[in-house]
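Before any comments, here is the structure.
The values are calculated or read from the model by the stated rules, or taken from the named source; none is laboratory data. Quantities reported herein were computed from a predicted structural model and do not represent experimental measurements. We place every Cβ from the backbone using ideal geometry, glycine too, and count neighbours over all the protein chains shown. Side chains included, ligands, DNA and RNA excluded: accessible areas come from the protein's heavy atoms. Shrake-Rupley method; radii C 1.70, N 1.55, O 1.52, S 1.80 Å.
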Amino acid sequence: MTATAMLLLTIVLQVLLADLTQRDIDRLLEQRGDAVISSTNSATSGSELVVPDYDLDVGIVVYDEAGAPVAGTASASVEDRYADLARSTSERWVAVGESYRLLATPFTTRSGASGVVVVGERLAPYEDAEHYSLLASFITGLLATAVVVLVAWWVAGRALRTVAVLEETAADWSEDDLGQRFGLGAPTNELTELASVLDGLLDKVTSAIRSEQRLTSELAHELRTPLTAVQGAADLALLREGLPDPVREDLRQIALEARRMASTITALLELARTEASVLPLSSIALADVVADVVAESASRPGVVVHVEVADQRVAVPREVARRALAPVLANALRHAASRVTVTAPLVDTGLVAVVIEDDGAGVGGDVTAVFEPGTTSGEGSGAGLGLALARRMARSVGGDVLLTSAGQPTRFEVRLPRA
């Protein structure tokens, strides 16, 4: 836009300059012709024209009424045009290409002698001046455009830096302190309006998170009561004597699953009640958590679980780490052909990666939907909630659960913050 405006301005200036130059040349020719006519009028007393030589510059020629030159000389390149104007009966302007501008002015002296004065002016110096002016205008336009671009870049950069600061601050608040607001008052400009919009978004985010935490807490509380009753009933039944072995085994399984569900509910309650700023204060040994998860997992005949976990610690609550790992390991055991491997290689990032591999058939279909709630394997086993819950648990503490290999071997990574 600025370059276009400068181009239009340069064109307008050149047109105005050309018009002013034309007017100046015409006025100069008229003045020179009038001066020659005045001096000739004063010097002529008879029927013959008398022209003082000191009034004649190059390019001025005085002709008598017969068209014969009386005084002055013309440039050789335009002598013919001068001769054509020698018998003019009225004022005539003639342009000889772009080289000369001629003016023929008839006159009559006080003594009655008549003649014509032809005055010419070379246009080359004026053309050169116009070219220099065009060059100067072009350079000035470029410099002005560059200055405008630099100023606009600087102003936009300052404005965008402010916007970036607002965005980063809002992102930090949404993670660490949901109660903070910009509080710049009623919008008076674009930045205060943006701050007001971000405050509104933070209000909505806070409301949504609080509602989710409240719902999770209420559901966990409502589930805990009947679950405690089931677990207590199973434990009491196991104390009875004379129970058949199959019944006793079923009761043990019921008690075990009840305790496992209780730990899941405890993890959900901890997520609902614990702020993100408190999570880094937790520190647990990764090897212990992996050992617990492997021990609790339902084994399959013919499937061997190999564990090789380095001595590392993670900065998450114990139940959260267990709930993030258990569904992934259970999924691997369900689909493995003969072997499941659990490793935790050392990495240089701020996360610990727990790699769980199995030698099963791999993940078929849409691999991007494997973490969607309700997505199950081809056999339709499970409710399709395990991997979705595992990812949610990991992400709630700044980690993640990823499918890094969908073929053989199938490989999942559970990433948790390093302590």
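Taking residues in the range 330-359 that are among the polar types (S, T, N, Q), and partners anywhere that are open to solvent by 10 Å² or more (accessible area, probe 1.4 Å) and in a helix (DSSP H, G or I), the pairs with Cβ atoms closer than 9 Å and at least 6 places apart or on different chains are 331/386; 331/387. Of 107, 138, all but one fail to be farther than 30 Å from residue 38 by Cβ, touching a helix residue (DSSP H, G or I) at 6+ places or on another chain (Cβ under 7 Å) and either of a type in the set (A, V, I, L, M, F, W, C) or not in a helix (DSSP H, G or I) (or both); the exception is 138. Taken residue by residue, the range 80-90 has no member that is within 21 Å of residue 22 (Cβ to Cβ), touching a residue at least 40 places away in the same chain (Cβ under 8 Å) and touching a strand residue (DSSP E or B) at 6+ places or on another chain (Cβ under 7 Å). When the residues of the range 178-209 are filtered to those that are loosely packed, with under 12 Cβ neighbours inside 10 Å and of a type in the set (D, E, K, R), the one that is modelled with the lowest pLDDT is 190. Residue 220 passes every criterion in (1) modelled with pLDDT under 75; (2) hydrophobic (A, V, I, L, M, F, W, C); (3) open to solvent by 40 Å² or more (accessible area, probe 1.4 Å) apart from (3).
Of everything in the range 375-407 that is modelled with pLDDT under 80 and of a type in the set (A, V, I, L, M), the residue that is surrounded by the most Cβ atoms within 10 Å (Cβ to Cβ) is 385.
How about the range 284-310: which of its residues are assigned to a loop (DSSP other than H, G, I, E, B) and either under 26 Å from residue 266 (Cα atoms) or touching a Leu at 6+ places or on another chain (Cβ under 8 Å) (or both)? If the condition is that a residue be assigned to a loop (DSSP other than H, G, I, E, B) and either under 26 Å from residue 266 (Cα atoms) or touching a Leu at 6+ places or on another chain (Cβ under 8 Å) (or both), then 297, 298, 299, 300, 303, 310 are the ones that fit.
Considering the range 225-245, and only residues there that are assigned to a helix (DSSP H, G or I) and touching a Leu at 6+ places or on another chain (Cβ under 8 Å), the residue that is most open to solvent (accessible area, probe 1.4 Å) turns out to be 238.
In the range 302-351, of all residues being more than 20 Å from residue 408 (Cα to Cα) and basic (Lys, Arg), the one that is most open to solvent (accessible area, probe 1.4 Å) corresponds to 313. Filter the range 256-272 for residues that are open to solvent by 40 Å² or more (accessible area, probe 1.4 Å) and modelled with pLDDT of 75 or more; which is farthest from residue 395 (Cα to Cα)? The extreme case among them is 256.
Given 71, 76, which one is without any contact (Cβ under 8 Å) to a residue 60 or more places away in the chain and surrounded by 12 or more Cβ atoms within 10 Å (Cβ to Cβ)? When all the criteria are applied, what remains is 71.
Looking across 110, 92, one residue alone is open to solvent by 80 Å² or more (accessible area, probe 1.4 Å) and at pLDDT 90 or above. It is 92.
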